[in-house]
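Below is one structure; the comments refer to it alone.
Quick note: the coordinates plus some simple rules give every number you see, no bench work behind them. These figures come from a predicted structure and were not determined experimentally. Counting neighbours? That spans all protein chains shown, and the Cβs are built from the backbone with ideal geometry, glycine included.
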Amino acid sequence: MLSMKGKYGLKALYHLAGLPEGVVVQSVEIAETHGMSKKFLDAILAELRNSGFVFARKGRGGGYCLTRKPEEIMLGHALRVLDGPLAPISCASRTAYRRCNDCENEAVCPVRLTMLEVREAIASVLDNKSLADLRLMVADEASGFSQILDVS
């Protein structure tokens, strides 16, 4: 399940992806825009900064911006940094594999085999969707919604 940390992190990255290149924004603006706790967001942004996703400019006129183009930042990579492995159980994880204590033969374990499929489906979506894709999805949905409302 996506944690609140992961959700807020994606919203913050989405917000930063909408900024013109070279423009920075303070965390308070992101927090207020998306209804987040500023203190919690600051901790998330620090983690994203330490992982190389965002740049922080300190002092007057400071704020945050992306370190790379939105097309180059995949959601799966960001979520792994914030929430850890994408797999629902550790024996299905590629990055944090740990064998289950109660499993006699994981090669034929129906739970593990199912969770491997789940992990692959999740990774297939998140590892192939960039912040730019996310912005386009939202724009397309908003455009479709406004067309529905247009009852000329």
Exercise for review: Apply the Karplus parameterisation 6.51 cos²θ - 1.76 cosθ + 1.60, with θ equal to phi minus 60°, to every residue of the range 58-67 and state each ³J(HN,Hα) to the nearest whole Hz, in sequence, with x for glycine and proline.
Suggested key: 8, x, 4, x, x, x, 10, 8, 6, 8
Review point. Amide H neighbours of residue 73 under 5 Å, counting only residues 5+ apart in sequence or on other chains, H built in-plane at 1.01 Å?
Key: 131, 132
Review point. Loop-only check: which trypsin sites (Lys or Arg not before Pro) in the range 41-76 are DSSP coil with at most 11 other Cβ within 10 angstrom?
Key: 58, 60
Point to revise | Among 79, 13, 113: highest mean-square fluctuation, GNM of the chain, C-alpha pairs under 10 Å | key: 113
Practice item. Before anything else, pin down the relative contact order of the chain: Cα pairs under 8 Å, at least 6 apart, normalised by residue count, whole percent. Key: 24 percent
Exercise for review: Let me know the charge dipole size of the range 26-133 about its Cα centre in debye, to the nearest 20, where only the beta-carbon of Lys, Arg (+1) and Asp, Glu (-1) is charged.
Suggested key: 560 debye
Point to revise | Residue exposure sequence - 37, 130 - by fewest surrounding Cβ within 10 Å | key: 37, 130
Practice item. Give the long-range amide H neighbours of residue 93: residues separated by 5 or more places, or on another chain, with amide H under 5 Å away, using H modelled in the peptide plane at 1.01 Å from N. Key: 98
Review point. Once you treat every alpha carbon in the range 1-69 as an equal point and sum by Debye, what is log10 I(q)/I(0) at q = 0.12, 0.17, 0.29 Å⁻¹?
Key: -0.26, -0.53, -1.57
Exercise for review: Filter the GluC sites (Glu not before Pro) in the range 42-139 to those in DSSP coil with at most 13 other Cβ atoms within 10 Å of their Cβ, and list the result.
Suggested key: 104
Study note, to complete from the structure: Length-normalised contact order of the range 1-69, Cα under 8 Å, at least 6 apart, in percent, tallies to 35 percent
